[in-house]
Amino acid sequence: MMRLVFTLLGILLVATSMARSETVIAAGTIRGQSLIMPSDVAVIEGDTPGALSSTADAVGMEAAVNLYAGRPIRPGDLRPPAIIERNSLVTIRYDHGGLTVVTDGRAMDRAATGEPLRVLNLSSRNTVTAIAAAPGLVTVGPTP
């Protein structure tokens, strides 16, 4: 009986060690603020602690820093793609209690959907903090 338990334990350990682990690496140099395409990443065998293990986690994201060929890609190296570019013209919208005010502004930062950014109100020349809502649209005011 004891021999059977040790045999099963040995088989379980071998099966666990044979489980494939993969690491996502940059296939070539990827500049910061670039959108990551499927051809930009590759998978190597082996586990790198803290690195991505699936290309699906990287494709469609934006490089937050320069990524170099052959190096593992970590979650902190990526961010959601920006929908507002620095210095772009945007529409500033304020909605609260049935009142809607719309004016033009200039983005002072880059931002992805839901991220805060500074925007220069072109009418008043005041800088406000807004939330990126859609390409070319930011919202200000109380959050729901």
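Taking label points 7 Å from Cα along the Cα-to-Cβ direction, Glu45 and Thr29 give a separation of 3.1 nm. Long-range amide H contacts for Leu137: which residues qualify at under 5 Å (H placed 1.01 Å from N, peptide plane, sequence gap of 5 or more or a different chain)? Under 5 Å from the amide H of Leu137 lie the amide H atoms of Thr91, each far enough along the sequence or on another chain. Distances between placed amide hydrogens fall under 5 Å for Ile83 paired with Ala111, Ala112, Thr113, all partners being 5 or more residues away or on another chain.
With a 1.4 Å probe and all protein chains kept in place, how do Ile131, Ile92 rank by accessible area, largest first? Please report the intermediate quantities before stating the final value.
Details: Ile131 60, Ile92 10 Å².
From most exposed to least exposed: Ile131, Ile92.
In plain terms, the chain from Ser124 to His96 could stretch by 8.1 nm, reckoned as 0.36 nm per residue minus the Cα-Cα distance. At a 1.4 Å probe radius, carbon and sulfur cover how many percent of the accessible area of the stretch 51-122? Here carbon and sulfur together make up 52 percent of the probe-accessible area.
Between Ala134 and Tyr68, the modelled labels are 4.3 nm apart [label points 7 Å from Cα along Cα→Cβ].
So if R0 is 25 Å, what FRET efficiency would Ala112 and Ser54 give, r being the distance between their Cβ atoms, rounded to the nearest 0.05? The value I calculate is 0.75.
Give me the accessible area per residue for the stretch 28-105, probe 1.4 Å, as a whole number in Å².
Values: 4710 Å² over 78 residues.
The answer is 60 Å² per residue.
Across the stretch 85-95, coupling constants 3J(HN,Hα) worked out from phi with the 6.51/-1.76/1.60 Karplus curve, θ = phi - 60°, read 9, 4, 6, 7, 7, 10, 9, 9, 10, 10, 10 Hz, and Gly and Pro carry x. The phi torsions of the stretch 104-111, fed into the Karplus equation with coefficients 6.51, -1.76 and 1.60 and a -60° offset, translate into couplings of 9, x, 10, 6, 9, 9, 9, 7 Hz, rounded to whole numbers, with Gly and Pro shown as x.
Please work out whether the stretch 93-144 counts as rounded, prolate or oblate from its C-alpha gyration tensor, where a ≥ b ≥ c are the square roots of the eigenvalues and a/c under 1.5 means rounded, while otherwise a/b larger than b/c means prolate and anything else oblate?
It comes out oblate by the Cα gyration axes.
The values are calculated or read from the model by the stated rules, or taken from the named source; none is laboratory data. A quick note: this is a predicted structure, and the numbers were derived from the prediction, not measured. When we count neighbours, we look across all protein chains shown, and the Cβ atoms used for this are built from the backbone with ideal geometry, even at glycine. Keep in mind that these areas ignore ligands, DNA and RNA; they rest on the heavy atoms of the full protein, side chains included. Shrake-Rupley method; radii C 1.70, N 1.55, O 1.52, S 1.80 Å.
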